[in-house]
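Heads up: the structure comes next, in structure tokens.
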Amino acid sequence: MFERCLKIQVEEKEMREVFAEVMEELAQADPRVIYLDCDIINSIKMTKFAANRPDRTINCGIQESNMIGVAAGLSETGLIPFAHTFAPFTTRRVMDQVFVSCAYARLNVRIIGSDPGITAGGNGGTHMPLEDIAVMRSIPTVTVIEPTDSIVLNDMLRQTKDLFGVFYLRLSRKKSEQIYLPGSTFEIGKANCLREGTDVTLIASGICVADACRAAELLAREGIQARVLDMFTIKPIDRNEIIRASQETGAVITIENHNILNGLGSAVAEVLAEEAPCRMIRMGVQDRFGEVGTLTYLKQLFHMTPEDIAANAHRLVARKSEL
């Protein structure tokens with residue numbers, strides 16, 4: 001099971017470096033593992049893998065829909081394809097291929113979308129997928145995972161290699177903030193409680209988890225005890241933990257690197273509406289396009305900082321008695 005770091009810190013390795021290392025280990029151990037890419041092999045640090053294993057690397061060129069079709073065909077032959085490109089192009093550009101060729105056909109494909117949401121930074125709005133979770137979680141049987149740091153990424157790559165189905169993993173290519181200790185393992189579909197609290201629950205995923213933890217620290221100084229849940233699996237969502245959070249804290253805030261429509265916030269709201277209504281605020285990008293900027297600037301622009309989270313928690317706790 002998982003063990004949290006005593007202090008949040010920037011990781012020594014980039015997520016893409018860890019991705020490449022784990023893929024090398026998986027391919028070495030299992031001859032069925034094959035990697036597909038859309039002409040950005042260097043961007044995900046898979047150049048060495050491609051040089052060492054040309055028979056297990058397919059550069060499909062800038063033809064994302066074709067890549068998904070090829071991955072489906074490889075799965076049909078018994079191979080285990082990992083198909084990668086930037087997140088907007090592994091989701092909104094190829095939705096029909098994922099739906100029909102992979103999910104509907106009940107095949108076995110892992111789809112990796114890099115630089116989701118505001119982590120696209122300098123590439124701006126066209127490359128800033130704020131709807132990729134919405135696209136993928138709407139397709140039946142697809143599992144949607146957002147690794148929190150490289151420790152979760154490591155475990156998820158290894159776990160999903162040996163599972164059957166269509167999996168979507170969204171991850172930043174750069175260094176993440178480390179939440180977990182090396183060697184930790186995780187259960188797909190089960191949220192991780194990083195901090196207990198009785199006044200409000202902060203449910204976050206991906207890059208927002210570290211900021212949710214920071215917000216909880218700010219709130220604790222003011223006498224508000226915030227529970228923090230890392231919802232690294234967005235589909236299937238951990239319904240039991242969401243219900244428990246509502247019943248025990250009476251207030252829920254979701255924080256996501258995504259449009260607040262049809263992502264983590266919507267998934268949590270669906271559970272609350274059906275099972276355990278309570279006061280709720282959805283934080284993330286408020287139904288608008290992205291733009292060029294640093295991660296720090298974009299968090300401030302979209303009001304996703306720890307201070308923003310804490311301010312919303314104050315407002316929500318004050319309103320709990322109104323429901």
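The values are calculated or read from the model by the stated rules, or taken from the named source; none is laboratory data. Model, not experiment: these values are computed from the prediction. All Cβ positions, glycine included, derive from the backbone under ideal geometry; neighbour counts span all protein chains shown.
Can you tell me which residues in the range 151-189 are among the charged types (D, E, K, R) and under 15 Å from the mean Cα position of the chain (by Cα)?
ASP155, ARG170, ARG173, LYS174, LYS175, GLU177, GLU187
Suppose we filter the range 165-180 for residues that are without any contact (Cβ under 8 Å) to a residue 60 or more places away in the chain and either crowded, with 24+ Cβ neighbours inside 10 Å or at negative phi (or both); how many remain? Please lay out each step first, then the result.
Initial filter on the range 165-180 (without any contact (Cβ under 8 Å) to a residue 60 or more places away in the chain): 165, 167, 169.
Narrowing further to those that are either crowded, with 24+ Cβ neighbours inside 10 Å or at negative phi (or both): 167, 169.
Here the count works out to 2.
If you take the residues of the range 247-276 that are in contact with a helix residue (DSSP H, G or I) (Cβ under 6 Å, 6 or more places away or on another chain) and among the small types (Gly, Ala, Ser), which of them is farthest from GLY121 (Cα to Cα)?
ALA276
Working only within the range 175-203, note down all residues that are among the polar types (S, T, N, Q) and not in a strand (DSSP E or B). Steps first, please.
Let us first name the residues in the range 175-203 that are among the polar types (S, T, N, Q), namely 176, 178, 184-185, 192, 198, 201.
Once the filter is applied, which keeps residues that are among the polar types (S, T, N, Q) and not in a strand (DSSP E or B), the range 175-203 yields SER176, SER184, THR185, THR198.
Are any of the residues in the range 6-29 surrounded by fewer than 18 Cβ atoms within 10 Å (Cβ to Cβ), polar (S, T, N, Q), more than 22 Å from ALA210 (Cβ to Cβ) and under 24 Å from the mean Cα position of the chain (by Cα)?
no
Take THR148 and tell me if it is under 15 Å from the mean Cα position of the chain (by Cα), modelled with pLDDT of 95 or more and of a type in the set (Ser, Thr, Tyr).
Numbers: under 15 Å from the mean Cα position of the chain (by Cα): yes; modelled with pLDDT of 95 or more: yes; of a type in the set (Ser, Thr, Tyr): yes.
The answer is yes for THR148.
Given the residues ASP155, ASP162, ASP230, ASP199, which is the only one that is surrounded by fewer than 22 Cβ atoms within 10 Å (Cβ to Cβ), touching a helix residue (DSSP H, G or I) at 6+ places or on another chain (Cβ under 6 Å), at pLDDT 95 or above and not aromatic (Phe, Trp, Tyr)? It would help to see each step written out before you state the result.
Details: ASP155 fails: touching a helix residue (DSSP H, G or I) at 6+ places or on another chain (Cβ under 6 Å); ASP162 fails: touching a helix residue (DSSP H, G or I) at 6+ places or on another chain (Cβ under 6 Å); ASP230 fails: surrounded by fewer than 22 Cβ atoms within 10 Å (Cβ to Cβ).
ASP199 is the lone residue from the list that is surrounded by fewer than 22 Cβ atoms within 10 Å (Cβ to Cβ), touching a helix residue (DSSP H, G or I) at 6+ places or on another chain (Cβ under 6 Å), at pLDDT 95 or above and not aromatic (Phe, Trp, Tyr).
Is there a residue being over 17 Å from ARG158 (Cα atoms) and of a type in the set (Gly, Ala, Ser) anywhere in the range 27-38?
no
Select from the range 277-307 the residues that are touching a helix residue (DSSP H, G or I) at 6+ places or on another chain (Cβ under 8 Å) and closer than 20 Å to ALA251 by Cα and list them in ascending order. Give the steps one after another, and end with the answer.
The initial filter retains those residues of the range 277-307 that are touching a helix residue (DSSP H, G or I) at 6+ places or on another chain (Cβ under 8 Å), namely 277-285, 289-295, 298-299, 302, 304-307.
PRO277, CYS278, ARG279, MET280, ILE281, ARG282, MET283, GLY284, MET304, THR305, PRO306, GLU307 - these are the residues of the range 277-307 that are touching a helix residue (DSSP H, G or I) at 6+ places or on another chain (Cβ under 8 Å) and closer than 20 Å to ALA251 by Cα.
When the residues of the range 217-227 are filtered to those that are within 23 Å of GLU177 (Cα to Cα) and out of contact with any Gly (no Cβ under 7 Å at 6 or more places or on another chain), which remaining residue is surrounded by the fewest Cβ atoms within 10 Å (Cβ to Cβ)?
ARG221
Restricting attention to the range 40-68, report how many residues are in contact with a Ser or Thr (Cβ under 8 Å, 6 or more places away or on another chain) and either closer than 17 Å to ALA87 by Cβ or without any contact (Cβ under 8 Å) to a residue 12 or more places away in the chain (or both).
8
Identify, please: which residue in the range 112-125 is over 12 Å from the mean Cα position of the chain (by Cα) and either under 21 Å from MET46 (Cα atoms) or of a type in the set (Asp, Glu) (or both) and is, among those, surrounded by the fewest Cβ atoms within 10 Å (Cβ to Cβ)? Steps first, answer last, please.
Going residue by residue through the range 112-125, those that are over 12 Å from the mean Cα position of the chain (by Cα) are 118, 120-125.
Then keep just the ones that are either under 21 Å from MET46 (Cα atoms) or of a type in the set (Asp, Glu) (or both); that gives 120, 123.
Values: ALA120: 26, ASN123: 14.
Taking the candidates together, the pick is ASN123.
Could you name every one of the strands (runs of 3 or more DSSP E) located completely within the range 1-115 that has at least 3 residues being more than 24 Å from TYR180 (Cβ to Cβ) and not aliphatic (A, V, I, L, M)?
Where strands (runs of 3 or more DSSP E) fall fully within the range 1-115 and carry at least 3 residues being more than 24 Å from TYR180 (Cβ to Cβ) and not aliphatic (A, V, I, L, M), they are 80-86.
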